[in-house]
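Colleague: The structure is given below, and queries will be raised subsequently.
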Amino acid sequence: MNQEPEMDQEPESVSPQEALDKVFELAGRLADAMRETLTERGLTPGRAEAVLVLHRLGPAVQRALSEALACTPRHVTALVDVLEEQGWAARGPHPTDRRATVVTLTEQGTAVAVQLATERDAAARALLGDVPPADLATFVRIADQLLTRMGGRPEGA
């Protein structure tokens, strides 16, 4: 029987290997849940990220989208092709640069971005809403340390 540990108890000694195993288990479960949710909408993680970035940035040239997604311009071109085919984004002329193309979310793309953000907020509340703020801060600090050690920058850093 799987019981949740008491949050008020003093933590037991845990090895780095045990902690890493938990990180892998958590990552796998989160990835599975995310894939399932995105598949229901006809999205992949990469397409969903592009939709969310466009929602955050607003209309953007493909170069800016490439930088925000940390991928090659060629990859962004293919990604925007698919987003356009599926009705989530549209290309249009840049207002001042004849050589540039602006990518904008369609109504459908905006609606899915809002829905994904709403579901993300609900999932965060369901999973972490009752975790004490000090524990959340510790979790984020440790996650940032791991991301830094792995050669990435923590988001927002």
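Colleague: GNM, the chain, Cα, under 10 Å: largest mean-square fluctuation among Asp21, Asp81, Asp121?
Modeller: Asp21
Colleague: Counting each pair of different Cα atoms once, what's the Kirkwood radius of the stretch 4-135 in Å, rounded to one decimal?
Modeller: On the way: mean 1/r = 0.0578 Å⁻¹.
The Cα-based Kirkwood calculation yields 17.3 Å.
Colleague: Quick check on packing: order 100-107, 139-146 by the mean number of other C-beta atoms within 10 Å, highest mean leading. Please report the intermediate quantities before stating the final value.
Modeller: Numbers: 100-107: 16.2, 139-146: 12.5.
Averaged packing, sorted descending, gives the order 100-107, 139-146.
Colleague: Among Gly129, Ala48, Leu38, whose Cα lies farthest out toward the positive end of the dipole of the stretch 34-149, if unit charges sit on the beta carbon of Lys, Arg (+1) and Asp, Glu (-1)?
Modeller: Ala48
Colleague: GNM, the chain, Cα, under 10 Å: largest mean-square fluctuation among Leu43, Leu147, Leu20?
Modeller: Checking each option, the largest mean-square fluctuation is seen for Leu147.
Colleague: While we're on this one: List the trypsin sites (Lys or Arg not before Pro) within the stretch 59-122 that fall in a DSSP loop (any state other than H, G, I, E or B) and whose Cβ has at most 14 other Cβ atoms within 10 Å.
Modeller: Numbers: sites: Arg63, Arg74, Arg91, Arg98, Arg99, Arg120; in loops: Arg98, Arg99.
Those satisfying the criteria are Arg98, Arg99.
Colleague: For the chain, set up a GNM with springs between Cα atoms under 10 Å and report which of Gln62, Gln17, Gln115 has the largest fluctuation.
Modeller: Largest GNM mean-square fluctuation: Gln17.
Colleague: Please give the FRET efficiency for Gln145 paired with Val82, using the beta carbon to beta carbon distance and R0 = 35 Å, rounded to the nearest 0.05. Don't jump to the answer; show the numbers that get you there.
Modeller: Details: r = 36 Å, r/R0 = 1.02.
Computed FRET efficiency for Gln145 and Val82 comes out at 0.45.
We did not get these values from a lab; they are worked out from the coordinates using the rules stated. Bear in mind the structure is a predicted one, so any value in this text is a computation, not a measurement. Heads up, the Cβs are rebuilt from the backbone with ideal geometry, glycines too, and the neighbour counts pull from every protein chain shown.
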